[in-house]
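Where a number appears in this text, it was derived from the coordinates with a stated rule and is not lab data. The shown structure was predicted, so the numbers you read here are calculated from the model rather than taken from an experiment. Here the Cβ is made from the backbone with ideal geometry for all residues, glycine too, and neighbour counts use every protein chain on show.
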Amino acid sequence: MAPDHDRLRRWLQISVAAFLLGLVTHGSFSGSGDAVHYMMIAHSIAFDGDLDVANDYADPGNLIQGGRLQPEAHARPARGGVLRPVHDVGLPLLAAPYFAVAYVVAERLTDRLPEGLRRRARLDRWIMLRQLVSLGMIVATCVLAGLFFDLSLETTSAPAASFGGALLFALSPPILSHSHVFFTEVPSALLALWAYRTVRRAGGRWAGGILPGLATGFLLLVHVRNVGLVIGLLLLATWRLRHDRHRAAAFAAGVATMIVVRTALNLYLWGTLVTTPHAHGAPWPGFVATASEIGQRALGLLLDQKHGLLPHAPLYLLAPAGWLALRRRSPEVARELLLPTGAYLLCVLLPTVNYHGWRGGWSPAARFLVPIAPFLALPVVLVLAAAPARVVAGVVVVLQALLDLFFWGHPMLLWNDATGSAAFLRALGGEDLASLFPTWGPAAAYDVGVSALVLAAWAALTAWLTRR
């Protein structure tokens, strides 16, 4: 990459880091939900070298939530009565070395900081550990932003639009929502995007085949929900490498290796090949019920005021027009982006495969869409680079930037549970504003009508941009 592009990439990552470091100085929920239980798994791996978490939860001196964290449904007795985590262990396994250092730093250095600083920052050893873990996730987000910039530049040959698109991608929900939280979603997006870009580039069987194959297969260890992403990337690699059988075989071998590892681990922990207390299928409810559930999940993922993508990130309104432009410019790349996106969404939307639904419980905005957010956002850069679309794109960008600044100052408003209205809408305009936005799962007649109008307007905007 040319020196100017390297400079842009560096400034992009500096800008993202500065924004996110400022964000974590505000109050956040990064020490709640699933995140703390992933930390407990990392603690067990880092300090005990096992996945028996009974002593970790029982230790009153554990820094995680001051030793008060209870396993609840996040850990259950498994084979031999051993208390095992129900969450997948890929993220804690990757993070264990860093987590160990962060834990020791928080334990030994926090009390040595000036008392005035600790009082003003409300800093104790648990908060210090939480902030250090958030720092690690911010680094991962900066790497993801740089990788997205590289791929945007390769796809569009537009440095300014690639820089702006990558900046908006990283600083807007759903990436912003998860950028500082010890969740699996940002690492999943990073692994998937790295595997895709590596497959696109020339390379030998090791660097261009086995390594991206291992990264793709490891997605299953990070979270079993990534199964659709793994299938899509495997299909994509098979198509992309169809004329290079050695690399294709190496990629498949890498994926197969990680599938064997996950299967063996699952058998060791739970005595089953695939399922766990947290990950299993559901009975077939019938065609009509399945179709209805798929429709509700799809509209919820897009339009729900609490966990939907578009209310928090209107930037993605430009994605369909960008994909159509990409199909004209580079049909092969456009088709490739559909494979991981479509396969992942299919597995999330099908109730027989994903019985958990589409929200993720108490969580930040658009949690289930984070792993495929890079593939959804990449076509947006083409719209940002197109001169005829600058007025419309400019309005969307300004609106998104204003929302991002608001969320920067109020990151806790990105979190919601399944009930009530969206916290950020109540903060901006009270219940009167929130009542204007649809709520899905289940939806009332008003929500269906508003959603239909939004989809019609979105289709009209896409058609206009495409003609331009």
For His5, the net charge from surrounding residues (Cβ-Cβ under 13 Å; K, R +1; D, E -1) works out to -1
The local net charge around Leu220, scoring Lys/Arg +1 and Asp/Glu -1 for residues other than Leu220 whose Cβ lies under 9 Å from its Cβ, equals 0
Only helices counted: for the chain, with every DSSP H run of 4 or more residues adding -39500 (n - 2.57) and the sum spread over all residues, [θ] at 222 nm is -21000 deg cm²/dmol
Per DSSP, the loop-located trypsin sites (Lys or Arg not before Pro) within region 105-211 having at most 14 other beta carbons within 10 Å are Arg122, Arg201
Put in order of increasing Cβ neighbours within 10 Å, starting from the fewest, Asp447, Asp4 give Asp4, Asp447
Exposure-ranked with fewest Cβ neighbours within 10 Å first, His243, His5 stand as His243, His5
tail above 39 Å in the computed P(r) of the chain, as % of all Cα-Cα pairs, reads 20
In the neighbourhood of Gly204 defined by beta carbon distances under 12 Å, the net charge of the other residues (Lys, Arg +1; Asp, Glu -1) is +2
Mean 1/r over distinct Cα pairs of region 87-203, inverted to a Kirkwood Rh in Å, yields 16.1
Rounded to 0.05, the calculated FRET efficiency for the beta carbons of Arg197 and Ala445 at R₀ = 56 Å is 0.80
Per DSSP, the loop-located chymotrypsin sites (Phe, Trp or Tyr not before Pro) within region 329-358 having at most 12 other beta carbons within 10 Å are Tyr355
Chymotrypsin sites (Phe, Trp or Tyr not before Pro) in region 39-100 lying in a DSSP loop, each with at most 15 other Cβ atoms within 10 Å of its Cβ, come to none
